[in-house]
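The values are calculated or read from the model by the stated rules, or taken from the named source; none is laboratory data. For clarity, every value in this text was computed on a predicted model and none was experimentally measured. Cβ atoms come from the backbone with ideal geometry, glycine included; neighbour counts cover every protein chain shown. Remember, those area values only see protein heavy atoms, side chains included, never the ligands or the DNA or RNA. Shrake-Rupley method; radii C 1.70, N 1.55, O 1.52, S 1.80 Å.
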Amino acid sequence: MSALRSRDDRVALGLTIAIGLLMLAFLAWPLLSLFGMTTEARDGSYVGLANWTALLSEPRLHVATANSLMVALGTVAIVLPLALAFAFALTRTRLPGRRVLRVIALAPMLAPSLMPAISLVYLFGNQGLLKSWLGEASIYGPIGIVLGEVFYTFPHALLILVAALSVADARLYEAAETLGASKLRRFMTVTLPNARYGVVAAAMVVFTLVVTDFGIPKVIGGQTNVLALEAYKQVIGQQNFSKGAIIGVLLLLPAVLSFMVERWLSKRQSGQLSGRSVVYQAGRNAWRDGLLGLLCAATSVFLLALLGVGCFAAFIKMWPYNMSLTLAHFDFQHLDGGGWQSFRNSARMAALVTVFGTSFIFLTAYLLEKSPVPRALGATIRSLALLPMAVPGLVLGLGYVLFFNAPGNPLNGLYGTMSLLVIATIAHFYTTAHLTLTTSLRQLDTEIEAVARSLQRPWWHTFRRVTLPINLPALLDVARYLFVSSMTTVSCVIFLYTPDTELAAVAILNMDDAGDTAAAAAMATLIVASSLAVTLLMNAAGWWLNRRAQAWRAP
């Protein structure tokens, strides 16, 4: 038995070390290249900390920092309770149409990040259909940024909270009910404490996503400058890579905070589902289901309105002067941006990211949570896994250019290939997928692995026969998240594509820069339609697999 355990541990340790080396090569080293660039002048000469001193003394950086904190905290204050209530409605009620509500709630992930801002302009801008709803206030500024970020970050928080609430031990609720606890007290003393890791993780994800997003502030921010937008301006507008890199390094601070909080909470987190657990099944409650149904309906209307307006504009001849319908904007042959080849490249890249990204991230999360990984190695990989969330895609892509395009780098052959686009995209969206799967894995008691060892079963047997089927819902959520994120991403690949590997999201940016806004909206609509089709296919596959693999949860 001890020999088997030792052999298992050696295999797990070897895989974990290999994963750590891969993460160092594709996450840490590109970012370290950025640190080096912060000490260089535009001509490449070494200037020490002169760039830091000059930038940190600029008042515009102080204003941008304050604005970033303001819109990030405002977004968290709206998204967190809204996503928690929505996730509760999906997992702990008998609300009809939960599957449809789930698809609607994840719909914002189908759209390029610029779409909600464009939709808000169509609705509340100077020529907006609903401009009067804001009174004297303007959509161009913090209001527009926060509304756009709520649309953008809501599904990210929901994925984590659904995973946190998807399993529960019914014995805890039966004990609380026997002791006379009210429904509210049961929620506050049983449900919320058990989901606290997911709640804090969701808050951290939303906060970091908002701080590092530049697309929405760029379109609808008006005169409101934020840190990520300042980095974009420095790199794209002024070609000042050194200052852009410094701001990118500053944006790493939320990741450090997230890691410290995650470590603190993980020491207090224990599994909710053991071999003796009884799976919780929600009972009927008309008031609870009715109120949550109204909240879910209002949230769905908000999300669908922003998504629908952006797509509708693609079929309008000339908004708002000629509102007749046309398909002319889908003819990309004579426009900049790569046309239909760009769309095919995006579909291919998204498929590769989905297969390889989901497999790699799940294996990594499993080894970290369920195998005896040395503490220092586990802490290093966990910190690397949280790092991409705080790094703007633009800065990560810049780090990839500096690292992989270096002549002496043995990985130089990857530069300019589809493989590097796939790796960069997995790295860019790694954190949310990792937190989702980690949250799901932590719902399982480590007693399951202990029992398997006592039966002399290797860990990969437990992984395949027990852990994988139980975590299948979270796994499908991550696969869906990676596919649609790959279809919509632009920031992390903007420096990495070639004419042969140009992507649809990049084509949108190029067409918009060329003044072909309607064609850009048409390409964005194609991305939404293809992402929606794949999402529906995955939902159907998930329904079929759940019936086979999750039958043990049925009463």
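General remarks:
- Averaging 1/r across all pairs of distinct Cα atoms in segment 454-500 and inverting the result yields a Kirkwood radius of 13.8 Å.
- Its alpha carbons give segment 359-400 an Rg and a Dmax of 12.6, 36 Å.
- For Glu40, the amide hydrogen comes within under 5 Å of the amide hydrogens of Val47, counting only partners 5 or more places away or on other chains and with H modelled in the peptide plane.
- Taking all protein chains together, Thr498, Thr436, Thr189 sort by accessible area into Thr189, Thr498, Thr436, largest first [probe 1.4 Å].
- Straight-distance candidates among the lysines for linking to Lys218, with alpha-carbon spacing under 21 Å and chain neighbours fewer than 8 residues away dropped: Lys131, Lys233, Lys243.
- DSSP-assigned coil residues among trypsin sites (Lys or Arg not before Pro) in segment 1-72, each with at most 16 further Cβ atoms within 10 Å: Arg42
- Of the trypsin sites (Lys or Arg not before Pro) in segment 355-407, not one is in a loop by DSSP (not H, G, I, E or B) with at most 14 other beta carbons within 10 Å.
- When shorter helices are ignored and each DSSP H run of at least 4 residues is given -39500 (n - 2.57), the per-residue value for the chain at 222 nm works out to -20500 deg cm²/dmol.
- Read-out percent of Cα pairs over 40 Å apart, derived from the coordinates shown; its label in (i) 25; (ii) 21; (iii) 34: (i)
- Global form of segment 1-121, assessed from the alpha-carbon gyration tensor, a/c cut-off 1.5: oblate
- Each Lys and Arg Cβ is given +1 and each Asp and Glu Cβ -1; about its Cα centre, the chain then shows a dipole of about 2260 debye.
- To put it simply, the accessible area of segment 100-224 at a 1.4 Å probe is 62 percent carbon and sulfur.
- Sequence-ordered 3J(HN,Hα) estimates for segment 440-453 from the Karplus curve with 6.51, -1.76 and 1.60 and θ = phi - 60° stand at 5, 5, 6, 6, 8, 5, 5, 4, 5, 5, 5, 5, 4, 5 Hz, glycine and proline given as x.
- Set of lysines near Lys370 by C-alpha distance (under 20 Å), chain-local residues within fewer than 8 positions excluded: Lys267
- Amide hydrogen proximity for Lys317: with H placed 1.01 Å from N in the peptide plane, the residues at 5 or more positions away or on another chain lying under 5 Å are Ser324, Thr326.
- Among Thr39, Pro388, Ala201 the positive-end extreme of the charge dipole of the chain (Cβ point charges): Ala201
- Protein accessible area in segment 395-473, 1.4 Å probe - carbon and sulfur %: 61
- Quarter of the Cα convex hull surface for segment 123-221, i.e. its orientation-mean projected area (nm²): 8.6
- Equivalent-ellipsoid semi-axes of segment 316-388, from the Cα gyration tensor, Å, largest first: 47, 15, 11
- Radius, Kirkwood style, for segment 408-472 when every pair of distinct Cα atoms is counted (Å): 14.7
- Averaging the sequence gap over all C-alpha pairs within less than 8 Å and six or more residues apart, then dividing by the number of residues, gives the chain a relative contact order of 23 percent.
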